[in-house]
1. Taking one equal scatterer on every alpha-carbon of the range 13-60, how large is log10 of I(q)/I(0) by Debye at q = 0.13, 0.26, 0.30 1/Å?
2. Taking the Cα centre of the chain as origin, sum charge times position over the Cβ atoms of Lys and Arg (+1) and Asp and Glu (-1), and report the length of that vector in debye to the nearest 20.
3. Using +1 at the Cβ of each Lys and Arg and -1 at the Cβ of each Asp and Glu in the range 16-131, identify which of Ala113, Pro91, Val30 lies farthest towards the dipole's positive end.
4. Determine the per residue accessible area of the range 95-148 with all protein chains present and a 1.4 angstrom probe, expressed in square angstrom.
5. What is the distance, in nm, between label points placed 7 Å from the Cα along the Cα-to-Cβ direction at Leu88 and at Thr18?
6. Please work out whether the range 12-93 counts as rounded, prolate or oblate from its C-alpha gyration tensor, where a ≥ b ≥ c are the square roots of the eigenvalues and a/c under 1.5 means rounded, while otherwise a/b larger than b/c means prolate and anything else oblate?
7. Determine, from the Cβ-Cβ distance of Met142 and Arg44 and an R0 of 22 Å, the FRET efficiency 1/(1 + (r/R0)^6), rounded to the nearest 0.05.
8. Nearest-5 percent of antiparallel DSSP beta bridges in the range 32-155?
Amino acid sequence: CLQANGVVTITVIPATPTAQPRPSAGLLQVIAQFLNRRRIVCTRLEIVSPTYVTVTVQASVQTLIGSNLQRVQSAIAAALNLFLDPRLGGPEGLGWPFGRDVIRSEIMQVICAVAGVDYVTSLTLSADSGTAQCGNLTLCGMSLATPGNHQVAVS
């Protein structure tokens, strides 16, 4: 989260089917060699792996009468995991934008969009197994959200 004149930081996210894709040291080196030959003189390049912030949602949800509670709970977890996915999630579904905060109201929107959900009675967010909070989660400019182990109670 630091501004430095003359330094360009490039974060590499490989297209691998893992929860937190990380480039190998060899891939970072190849990219650095390729770009170093094309950089402007006096520009310093930093080619790095992303920093992930694991976001855990704790929520209590009231379902519509007659809804299958297990199915609703599973669908909520799947929707949250997709929304918080670093490569496929985010508000546009194009991957989580670097440094974009996790907005509490958007998480509520994701939950309420699941079939069978009537309303959310409580919601907290926590980052990297930290203290749960009722507000938004602020991410550093080089960080990406990734889903944690959500705890959703439905009734």
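The values are calculated or read from the model by the stated rules, or taken from the named source; none is laboratory data. Computed from a predicted model, the values in this text were never measured in an experiment. All Cβ positions, glycine included, derive from the backbone under ideal geometry; neighbour counts span all protein chains shown. SASA here: full protein model, heavy atoms, side chains in, ligands and nucleic acids out. Shrake-Rupley method; radii C 1.70, N 1.55, O 1.52, S 1.80 Å.
1. -0.46, -1.01, -1.13
2. Values: 9 positive and 7 negative charges, 122 e Å.
For the chain, the charge dipole is close to 580 debye.
3. Final value for the positive-end residue is Val30.
4. Working: 2460 Å² over 54 residues.
Value returned for the range 95-148: 46 Å² of accessible area per residue.
5. It works out to 1.8 nm between the two label points.
6. Working: a/c = 4.29, a/b = 3.55, b/c = 1.21.
It is prolate, given that a/c is not under 1.5 and a/b is the larger ratio.
7. Details: r = 16 Å, r/R0 = 0.71.
So, using R0 = 22 Å, E works out to roughly 0.90.
8. Details: 11 of 20 bridges.
Antiparallel bridges: around 55 percent, rounded to the nearest 5.
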